[in-house]
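The values are calculated or read from the model by the stated rules, or taken from the named source; none is laboratory data. Everything numeric here is computed off the predicted structure, so don't read it as measured data. For neighbour counting, all protein chains shown are included, and Cβ atoms are generated from backbone atoms with ideal geometry for every residue, glycine included.
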Amino acid sequence: MSVNPYPPSPHGRIVLFGSGETARVGRRVHELLLAAHQKPVPVAVLETPAGFQPNTATLAADVKQFFEHSLQNFKPQVSIVPARYRGEGPFSTDEASFLEPIETAEYVFAGAGSPTYAARHLADSRVWQAVEGRLAAGATLALASAMALAVSNHTLPVYEIFKVGEPLTWSKGLDLFGRFGLDLTVVPHWNNNEGGNKLDTSHCYMGEIRFNELRQMLPAETVVLSIDEHTACVFDLGREEARVHGAGVVSIRRDDEVETYSSDDTFPMSRLRR
């Protein structure tokens, strides 16, 4: 039986999913990380990335069911945090009653939706401050798709460019990795091919040509971390090390230099610094 690379640790961990966070690969990564926490594991599911969608409660309930049924060996105690927007109202990201399930969570999950929406409605909010506090206290932060984009220093306005046709640009992200001395932009869905032969949807639906233009717009010190579909990158903050899991690759991109890592490869987080 193989040894779990993530033993119990007083330090937090961050896992970024390129996609497939509730598929086979994602389930295996969750299993490895949940095993580091004492059962039953308190889990908080954050609604904010999809807070603008009419079915946001249904999406969160699906994630809750995934944890409770597919990961039942860890006895997850799942709380949904319906923090959907900035400002006044019962679903505010500053709502005090939302803090307790986050502050007691050992595992915090946030996933699909809009990265720019998530960053805009979480920035400087009480909910996001609570999430950052849990990470500092040793919790695991699991981020997928839109939320993986949102925690970048510069985040990609995927919907705005791909669906609406707005000019190529970057938006301000939550800069989760800035505290570790990293100027990092995370790009999941790197090898997406939903468009087939008719439309290049790689590079998180931007396609290679448009993404090359976007890359030139980033500051020179920014490092791009690209993550393929059904692939995850786990940052073990205690070890200052990252490990890759899944079907694809994770790549570190600086200017024209690319370092590529496949499943079970590790690399020091210092490789993400200029």
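If you scan the range 96-125, which residues turn out to be of a type in the set (A, V, I, L, M), part of a loop (DSSP other than H, G, I, E, B) and over 23 Å from Lys163 (Cα atoms)?
Listed by number, the residues that qualify are Ala105, Ala123.
Among Glu194, Glu166, which is within 23 Å of Pro219 (Cβ to Cβ), surrounded by fewer than 17 Cβ atoms within 10 Å (Cβ to Cβ), out of contact with any Cys (no Cβ under 8 Å at 6 or more places or on another chain) and not hydrophobic (A, V, I, L, M, F, W, C)?
None of the others qualify; the one that does is Glu166.
Return yes or no: is Ala142 buried (at least 24 other Cβ atoms within 10 Å of the Cβ), touching a helix residue (DSSP H, G or I) at 6+ places or on another chain (Cβ under 6 Å) and either modelled with pLDDT of 95 or more or not acidic (Asp, Glu) (or both)? Walk me through how you get there before you give the answer.
Values: buried (at least 24 other Cβ atoms within 10 Å of the Cβ): yes; touching a helix residue (DSSP H, G or I) at 6+ places or on another chain (Cβ under 6 Å): no; either modelled with pLDDT of 95 or more or not acidic (Asp, Glu) (or both): yes.
Judged against the criteria, Ala142 is not a match.
Looking only at the range 215-248, count how many residues are touching a residue at least 24 places away in the same chain (Cβ under 8 Å) and either of a type in the set (A, V, I, L, M, F, W, C) or farther than 21 Å from Gly181 by Cβ (or both).
22
What residue, of Asp175, Asp264, is of a type in the set (Asp, Glu) and surrounded by 13 or more Cβ atoms within 10 Å (Cβ to Cβ)?
Answer to the check: Asp175.
Would you confirm whether any residue within the range 197-217 is crowded, with 17+ Cβ neighbours inside 10 Å, at pLDDT 95 or above, assigned to a loop (DSSP other than H, G, I, E, B) and on the phi > 0 side of the Ramachandran plot?
For the range 197-217, residues crowded, with 17+ Cβ neighbours inside 10 Å, at pLDDT 95 or above, assigned to a loop (DSSP other than H, G, I, E, B) and on the phi > 0 side of the Ramachandran plot: absent.
Could you check the range 218-246 and list, in sequence order, the residues that are of a type in the set (A, V, I, L, M) and exposed (fewer than 13 other Cβ atoms within 10 Å of the Cβ)?
Ala220
In the set Phe211, Phe162, Phe177, which member is under 15 Å from the mean Cα position of the chain (by Cα) and not aliphatic (A, V, I, L, M)?
Among Phe211, Phe162, Phe177, only Phe177 is under 15 Å from the mean Cα position of the chain (by Cα) and not aliphatic (A, V, I, L, M).
Of all residues in the range 96-117, count the ones that are of a type outside the set (Gly, Ala, Ser) and without any contact (Cβ under 8 Å) to a residue 40 or more places away in the chain.
Residues in the range 96-117 being of a type outside the set (Gly, Ala, Ser) and without any contact (Cβ under 8 Å) to a residue 40 or more places away in the chain: 4 in total.
Taking interchain pairs and intrachain pairs at least six residues apart, which have beta carbon atoms under 6 angstrom, with the first residue in the range 122-140 and more than 17 Å from Pro10 (Cα to Cα) and the second of a type in the set (Phe, Trp, Tyr) and at pLDDT 95 or above?
Pairs that qualify, where the first residue is more than 17 Å from Pro10 (Cα to Cα) and the partner is of a type in the set (Phe, Trp, Tyr) and at pLDDT 95 or above, are Leu122/Trp128; Val127/Phe98.
Of Val63, Val81, Val25, Val15, which residue is touching a Cys at 6+ places or on another chain (Cβ under 9 Å) and not aromatic (Phe, Trp, Tyr)?
Val15
Which pairs turn up if I take residues in the range 249-270 that are over 16 Å from Glu221 (Cα atoms) and touching a residue at least 12 places away in the same chain (Cβ under 8 Å) and look for partners that are part of a strand (DSSP E or B) and among the polar types (S, T, N, Q) with beta carbon separation below 6 Å, at least 6 apart in sequence or on another chain?
Taking only residues 6 or more apart or on different chains, the pairs are Val249/Thr260; Ser251/Ser226; Ser251/Thr260.
Of all residues in the range 126-175, which are assigned to a strand (DSSP E or B) and within 20 Å of Ala36 (Cβ to Cβ)?
Thr140, Leu141, Ala142, Leu143, Ala144
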